[in-house]
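Student: Before I ask anything, let me first share the structure, which is written out below as structure tokens.
All of the numbers you see were taken from the coordinates with simple rules; none came from a lab. Being a predicted model, the structure only gives us computed values, none of them experimental. Using ideal geometry, Cβ is built from the backbone for each residue, glycine included, and neighbour counts are taken over all protein chains shown.
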Amino acid sequence: MFQSLYDGCMKVGAALIKKLDLKDGDCLLVYGYNSWEFLCAVIAGLAAGALVRTMRAMDSDYEVIQELAQMKVSYIFITDEKRQLANIIKQEMEQKNLKDLKHIIIIDNAWEEKEFYALRMLIRDCDHQLTDSEVYDPKGNQETIAMILESSGTEGPVKGVLLGHYDLATVFAKSNIFDVKENDILSGHSFIGHLSGLATNFLSIIYGSKLVSFRVPNADSILEAITQYKITVGLFSPYYLDLMQTNMKGKRNINLNSLTQVFVSGSRLSKKTTEEFLWKQKECKVFGNVYLLTEATGILMLAINHPNVDSIGNVAAGVQAKVINAKGELLGANKIGELCVKPVIKFKGYHNDKESTDRILDKHGWLHTSDIGYFDNNENFYIIDHSHNVIRRGDEIFSPVEVEAVLLQHFAVKEVCCVGRRDGIHAFVIPDELFKENVTSSDIKTFVNNKVNNNRKIRGVHFVPKIPRTDFGKVLREKLCLIYNHILQEHKHRRSQTNLTQIPENK
């Protein structure tokens, strides 16, 4: 299978250069779902010397066409499920609205294709494949960009992180931190266009491990795949880890005993989630809390089987870290501030976004993560949460995750997201279908407030149909507040009216 992937990549790379006239630095967009052909298109583009950009099939038609124009894309590989969009793009080409676009190539389809080129046809019909000497060589130029990866950034909308050819080589040539072996089976639920997904796929190739790829992952499909394919290694978000445990309840046919290595990253990991997982999964020998940033192109800190499950561990080899206050002054042990890091691989910036690049990267090469945390006397680091998420009440600074962990103890709460507002903490709850008719927001509010201190008491509980998240499960709290702003405003209005009625008239 690895040989067929290699042959396919080298044939598609050769076809791009010799048949479709790709030049060094031409932008190539791969749009679709995780699949063998998606991965083949990415690697072929890198081998041919293209600048590779990826987009998920969930991204809208409008977003794709905007990206084609703004990025001056020359080649697009597009999933067959989006054929209607492929036809629209073809019309835009014919009308000269996408002047840079040369070719549309379909992936995830049959061998025969009449309207467009198809990846399988390029493999079948190409009588040549790139040799090692023909694979693109940046020739010592460490600034040559290979890929643009998606990142939520430290704030605001999704950004494109520039990743160089030498960066790719460096991050995957380093030691096998995850200790992946040939007989391991990896969970490939993360999108290839994200650092976690790219790393999982490349680790599978480098170490000859099997990988179970997910087109559209969810907690149930991950549980079923672990059971069926005996997945041994997984990198999950805290959200997925928590949801998987919730969805397991009452399902006797689900068995996670094959999982021997579990790594968690993407957001704050609650102590309750970790302890509950480890108590149930006795076969898990390695549990790692990973701190990484797409901007840093790799792992910054890693705690494996740490006695304190809240810790993200010590700084990784070659990485520098510090904690600073609002004035930029250095803080010592057990002092809460912003975590800054200087990674092994230099951050090359966000694509076409100098303002955001300058905001995160200072003149001394430090990345300002906007994550609030501290380190203890043993130089173990701890993350409270992102600066936009942390809640400040009285003399306490804490993560909404800590309040959410209490809410999840209520039998009727399926999912929850807490946000701190001026009038207090608000909880947005997706209720369990079995109990939603028999529970009120007041019931849940009382349940939580009887278990927490005054600073952590919640002001309002709001039932909602959906909580916006990234593919990796990270809650988009700012987007949530925008979507449900009317609820917050209505609650604020009701509270002000109540307060007015309680004010006695002057006599």
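Student: Can you put PHE411, PHE398 in order of Cβ neighbours within 10 angstrom, beginning with the fewest?
Tutor: PHE411, PHE398
Student: Calculated FRET efficiency, ASN377 and LYS249, Cβ-Cβ r, R0 45 Å, to nearest 0.05?
Tutor: Approximately 0.65, to the nearest 0.05.
Student: Give me the number: length gained by fully extending ASN257 to VAL216, i.e. 0.36 nm times residue separation minus the C-alpha to C-alpha distance, one decimal in nm.
Tutor: The span from ASN257 to VAL216 would gain 12.4 nm if fully extended.
Student: In addition: Fewest first, what order do TRP111, TRP36, TRP366 take by the number of other Cβ atoms within 10 Å?
Tutor: TRP111, TRP36, TRP366
Student: Mind pulling the angle between the C-alpha long axis of helix 83-94 and the longest principal axis of the chain? Nearest 10 degrees, somewhere in 0 to 90.
Tutor: 60 degrees
Student: Further question on the same structure: Assuming R0 = 41 Å, can you tell me the calculated FRET efficiency for the pair ASP100 and ARG421, based on Cβ-Cβ distance, to the nearest 0.05?
Tutor: Working from the Cβ atoms, E equals 0.35.
Student: Given labels modelled 7 Å from the Cα in the Cβ direction, how far is it in nm from ASP61 to ILE430?
Tutor: 2.7 nm
Student: So, one more: In nm, to one decimal, how far is the LYS457 label point from the ASP179 one, both placed 7 Å along Cα→Cβ?
Tutor: Each label point lies 7 Å from its Cα, and together they span 4.8 nm.
Student: Trypsin sites (Lys or Arg not before Pro) within the stretch 40-131: which are DSSP loop residues with at most 12 other Cβ atoms inside 10 Å?
Tutor: LYS96, LYS99, LYS114
Student: Which distance in Å, rounded to a whole number, links the C-alpha centroids of the stretch 363-409 and the stretch 170-245?
Tutor: Each part's Cα centre sits 27 Å from the other's.
Student: How high is the FRET efficiency between ASN485 and GLN70 when r is their beta carbon distance and R₀ equals 30 Å, given to the nearest 0.05?
Tutor: Details: r = 29 Å, r/R0 = 0.97.
Once the sixth-power term is evaluated, E becomes 0.55.
Student: Compute the long axis of helix 271-280 from its Cα atoms, compare it with the longest principal axis of the Cα atoms of the chain, and write down the angle in degrees, 0 to 90, nearest 10.
Tutor: The angle comes out at about 70 degrees.
Student: Which one is right for this structure if Rg and Dmax of the Cα atoms in Å is calculated from it: [x] 22.8, 72; [y] 24.6, 97; [z] 27.5, 92?
Tutor: Computed from these coordinates, Rg and Dmax of the Cα atoms in Å corresponds to label [y].
Student: When a/c is below 1.5 the answer is rounded, else prolate if a/b is larger than b/c, else oblate, so apply that to the stretch 155-236 with a ≥ b ≥ c taken from the square roots of the Cα gyration tensor eigenvalues.
Tutor: Values: a/c = 2.66, a/b = 1.22, b/c = 2.17.
It is oblate, given that a/c is not under 1.5 and a/b is not larger than b/c.
Student: Separate question: About the Cα centre, and with charges only on the beta carbon of Lys, Arg (+1) and Asp, Glu (-1), how big is the dipole of the stretch 1-122? Nearest 20 debye, please.
Tutor: Computed about the Cα centre, the dipole is about 320 debye.
Student: Starting from 0.36 nm per residue, how many nanometres of slack lie between THR170 and HIS364 once their C-alpha separation is accounted for? Can you show the working numbers first?
Tutor: Working: separation 194, 0.36 × 194 = 69.84 nm, distance 2.17 nm.
My answer for the length gained is 67.7 nm.
Student: Quick one: length gained pulling ILE397 to LYS285 fully straight, 0.36 nm per residue minus the C-alpha distance?
Tutor: The span from ILE397 to LYS285 would gain 37.0 nm if fully extended.
Student: Listed here are the pairs LYS230/LYS285; LYS19/LYS72; LYS159/LYS335; which of them are more than 22 Å apart at the Cα?
Tutor: LYS159/LYS335
Student: State, to one decimal in nm, how far the label point of THR131 lies from the label point of ILE206, with both points 7 Å from Cα in the Cβ direction.
Tutor: Output for this residue pair reads 2.8 nm.
Student: Counting other Cβ atoms within 10 Å of each Cβ, which GluC sites (Glu not before Pro) in the stretch 52-121 have at most 10 and sit in a DSSP loop?
Tutor: Numbers: sites: GLU63, GLU67, GLU81, GLU92, GLU94, GLU112, GLU113, GLU115; in loops: GLU112, GLU113, GLU115.
Those that pass, being in a loop and sparsely packed, are GLU112.
Student: Additional query: Could you list TYR6, TYR166, TYR291, TYR33 in order of exposure, starting from the residue whose Cβ has the fewest other Cβ atoms within 10 Å?
Tutor: Listed from fewest to most nearby Cβ atoms, that is TYR6, TYR166, TYR33, TYR291.
Student: For the chain, take the longest principal axis of its alpha carbons; what is the angle in degrees between that and the long axis of helix 36-48, to the nearest 10 within 0 to 90?
Tutor: Relative to the chain, helix 36-48 is tipped by roughly 60 degrees.
Student: Is it possible to state the helix-based mean residue ellipticity at 222 nm for the chain, with each DSSP H run of 4+ residues giving -39500 (n - 2.57), the sum divided by total residues, to the nearest 500 deg cm²/dmol? What is it?
Tutor: -9500 deg cm²/dmol
Student: Check each of the trypsin sites (Lys or Arg not before Pro) in the stretch 1-38 and keep only those in coil by DSSP with at most 15 other C-beta atoms within 10 angstrom; list them in order.
Tutor: Listed in order of number, the matching sites are LYS19, LYS23.
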